[in-house]
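Visitor: Just passing along the structure, written as structure tokens.
The values are calculated or read from the model by the stated rules, or taken from the named source; none is laboratory data. Since we're looking at a predicted model, the values are computed, not measured. Methodologically, a virtual Cβ is constructed for each residue, glycine included, from the backbone with ideal geometry; neighbour enumeration extends over all protein chains shown. SASA here: full protein model, heavy atoms, side chains in, ligands and nucleic acids out. Shrake-Rupley method; radii C 1.70, N 1.55, O 1.52, S 1.80 Å.
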Amino acid sequence: MNREALLYEGKAKKIFSTEDPDQVRVEYKDDATAFNGEKKGHIAGKGELNNRISAFFFEYLGGKGVRHHFLRTLSPREQLVKHVTILPVEVVVRNRAAGSLASRLGLEEGREFSRPVVEFYLKDDKLGDPLINEDHIALLQLATEEQVTGMREAALQVNQHLSVLMAEKEIILVDFKLEFGVDSQGELLLADEISPDTCRFWDRQTYEKLDKDRFRRDLGHVEDAYREIWHRLGGEAHV
Ligand code: UDP
């Protein structure tokens, strides 16, 4: 399968077409950005770790019946996925207060919620990815009502499965962001990536942050934290 054209280059990934119009190749980069692109950095080894971690989570969730875009790993930093049209909505699920929710509502970081909170954000860098609700999604025709229901249900399922999995690894799943796409058959699929770039993971004993907040807040040892996640998931020790 040849690399054909670069279809898209984002902050952390490049997407290439393949000879099959229904499949694309994703290459995970070592670049990192935060605060809507204001903070930029390079984290050696991040691309490879996120490629592996994301593949692991997609396969795990697939085994639990979650429909997703992942097909297979191609190389240490590349994976093959179904070609989907990404819906311009980010779906965030939160189990504890952190990040923008903690600041917006004045909640103490780490406060545990009795039920998960699902939020939608408009994927639009120029507008700074604003928080939106289901009426805004309908107004802007970002997704159908059925797709919104499907995204909410899938996001809660992902939360349930990943919270249990991570708890077994002594990790708290604080919150995470998902993206969904629609394939050539019109099916809604979980897409993009699931990694320490898109999730908050805290060690259950020490509350140590094992995710991108280490980069956002200049806490250092970013790559070590990502590697720790990979190792706790059972990944090969040499990576
Ligand atoms: N998140 C993400 N991409 C974004 C915004 C948020 O992956 O563009 C993830 C973030 O890593 C965290 C969750 O979504 O796990 C909730 O993020 P929050 O809204 O608190 O955003 P922050 O302002 O901290 O990026």
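Visitor: Mind jotting down the distance between the C-alpha centroids of the range 53-114 and the range 154-224, whole Å?
Guide: The range 154-224 and the range 53-114 have Cα centres separated by 5 Å.
Visitor: Quick check: net charge around A34, other residues with Cβ under 14 Å of its Cβ, Lys/Arg +1 and Asp/Glu -1?
Guide: That sum, taken over residues with Cβ under 14 Å, equals +3.
Visitor: I've got another one for you. Roughly speaking, what is the stretch gain from E109 to S184, that is 0.36 nm per residue apart minus the C-alpha to C-alpha distance, in nm to one decimal?
Guide: Using 0.36 nm per residue and subtracting the Cα-Cα distance, I get 22.9 nm.
Visitor: Suppose each label sits 7 Å from its Cα in the direction of the beta carbon; what would the L156-H136 distance come out to in nanometres?
Guide: Between L156 and H136, the label points sit 2.2 nm apart.
Visitor: Now, a different point. Between D203 and A34, what is 0.36 nm times their sequence separation minus the Cα-Cα distance? Round to one decimal in nm.
Guide: Taking D203 through A34 to full extension adds about 58.6 nm, to one decimal.
Visitor: Something else: Rg(Cα) of the range 1-86 divided by 2.2 N^0.38 Å?
Guide: Taking N as the residue count of the range 1-86, the ratio is 1.12.
Visitor: Charges at C-beta only: +1 for Lys and Arg, -1 for Asp and Glu. How large is the resulting dipole of the range 142-183 about its Cα centre, in Debye rounded to 20?
Guide: The dipole of the range 142-183 has a size of about 140 debye.
Visitor: Also, I was wondering about something else. Which residue, G110, V89, A143, has the largest displacement toward the positive end of the dipole of the range 79-214 when charges sit on each Cβ (Lys, Arg +1; Asp, Glu -1)?
Guide: Positive-end residue among those listed: G110.
Visitor: In terms of the Cα gyration tensor, with a ≥ b ≥ c the square roots of its eigenvalues, is the chain rounded because a/c is under 1.5, prolate because a/b exceeds b/c, or oblate?
Guide: Note, shape of the chain comes out rounded.
Visitor: Just check the range 98-145 against the gyration tensor rule for me: Cα atoms, a ≥ b ≥ c as the square roots of the eigenvalues, rounded for a/c under 1.5, and otherwise prolate or oblate depending on whether a/b exceeds b/c.
Guide: Taking the square roots of the gyration eigenvalues as a ≥ b ≥ c, the range 98-145 is oblate.
Visitor: Run the simple label-point estimate for A237 and H42 please: 7 Å along Cα→C-beta, distance reported in nm.
Guide: Using points 7 Å along Cα→Cβ, the separation is 3.1 nm.
Visitor: Now, a different point. Sorted by accessible area with a 1.4 angstrom probe, largest first, how do D183, D135, D20 fall?
Guide: Correct descending sequence by accessible area is D135, D20, D183.
Visitor: Please go through the residue pairs K64/K126; K40/K64; K39/K82; K123/K212; K29/K123; K14/K169 and name each one whose alpha carbons sit more than 28 Å apart in this structure.
Guide: The pairs that break the limit, which is 28 Å between Cα atoms, are K64/K126; K40/K64; K39/K82; K14/K169.
Visitor: How long is the gain from S75 to A167 if the chain were fully straight, where each residue apart is worth 0.36 nm and the alpha carbon distance is subtracted?
Guide: Roughly 30.2 nm would be gained on extension.
Visitor: For the range 127-206, with only Lys/Arg (+1) and Asp/Glu (-1) charged at the beta-carbon, what is the dipole magnitude about the Cα centre, in debye rounded to 20?
Guide: Dipole size: approximately 300 debye.
Visitor: Further question: Please give the charge dipole size of the range 99-142, origin at the Cα centre, charges +1 on K and R Cβ atoms and -1 on D and E Cβ atoms. Round to the nearest 20 debye.
Guide: I would put it at about 20 debye.
Visitor: Per residue of the chain, what 222 nm ellipticity follows from adding -39500 (n - 2.57) for every DSSP H run with n ≥ 4, rounded to the nearest 500?
Guide: Counting only the DSSP helices, I get -9000 deg cm²/dmol.
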